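Just below is one structure, and these are the notes that go with it.
Please treat every number below as a calculation from the coordinates, not as lab data. This is a predicted model, so every value here is computed, not measured. FYI the Cβ positions are ideal-geometry reconstructions off the backbone, even for glycines, and counts take in every protein chain you see.
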Amino acid sequence: MEYAEKQPTPEQFFELFETTGWNTKYELSKDELYRALKNSWYTISVYDYKKLIGFGRIICDGVVHALILDVIILPERQGEGIGKEVMDRLIAKCKKHKIRDIQLFSAKDKAGFYEKLGFECRKEDSPGMQLEKYW
C-alpha cells in the first residue's frame, strides 16, 4: 500500500466517492468533484497496486480552523486500519501547522470511529448551522 500526498485523478476519485452513496444527495459531476478537491489545503490518497482505495482531505485557513472531509475507504477494505492511518496523517498535518480547531463531517454511524481518535460529537445546544441546496 502507498500513502501519497497527491490528488487522485478525477476518474479515480469519482469512482471511490460513488461507493459512499453521498452523490445521491450532492449530484456532483466528476469535474465538479475534482474542482472541489483542487481547492483542498491537504489531501492524502491511499493506493493498492495503483488502485485508489482510500482518501481524506482538509480545507483550512492555515492558522485557526481546519475541516476534515471526504474520509473514504473502499467498503471492502474497511477494518484494515487504513482509515485510522488516513486520519492520523490528516491530524498530524494540522498539528504541524498548529491549527487550533479541527472539525470534521461524519456519518452518524461512523461517530465511534472518530471518538476513538479523540473527536467528540457536538452537543445539541452547541453552535453550528448549515444551509443546503439553496439554489
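Structure above, values below:
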quantity: Formal net charge of residues neighbouring ASP48 (Cβ-Cβ distance under 9 Å; K, R +1; D, E -1); calculated: +2
quantity: Computed label-point distance, nm, for sites VAL64 and ASP88 using a 7 Å Cα→Cβ extension; calculated: 3.2
quantity: Long pairs among LYS38/LYS116; LYS6/LYS93; LYS30/LYS110; LYS84/LYS116; LYS84/LYS110, criterion Cα-Cα beyond 18 Å; calculated: LYS38/LYS116; LYS30/LYS110
quantity: Local net charge near LEU67, Cβ-Cβ under 15 Å (Lys/Arg +1, Asp/Glu -1); calculated: +1
quantity: FRET efficiency estimate (nearest 0.05) - Cβ-Cβ, LYS95 to TRP22, R0 22 angstrom; calculated: 0.20
quantity: Residue list for the stretch 49-76, given a label point 7 angstrom along the Cα-to-Cβ vector of LYS110 and an amide N cut-off under 18 Å; calculated: 52-60, 66-76
quantity: DSSP bridge orientation in the chain - percent antiparallel, rounded to nearest 5; calculated: 80
quantity: Nearby aspartates and glutamates by direct alpha-carbon distance to LYS108 (threshold 13 angstrom, same-chain neighbours under 8 apart not counted); calculated: GLU120
quantity: Helical contribution to [θ] at 222 nm, DSSP H n ≥ 4, -39,500 (n - 2.57), averaged over the chain, rounded to 500; calculated: -8500 deg cm²/dmol
quantity: ASP31-GLU120 FRET efficiency (beta carbon distance; Förster radius 41 Å; 0.05 resolution); calculated: 0.70
quantity: Charge sum, other residues only, whose C-beta stays under 10 Å from PHE17's C-beta, Lys/Arg counted +1 and Asp/Glu -1; calculated: -2
quantity: Tail fraction, Cα-Cα pairs, the stretch 2-115, threshold 26 Å, whole percent; calculated: 14
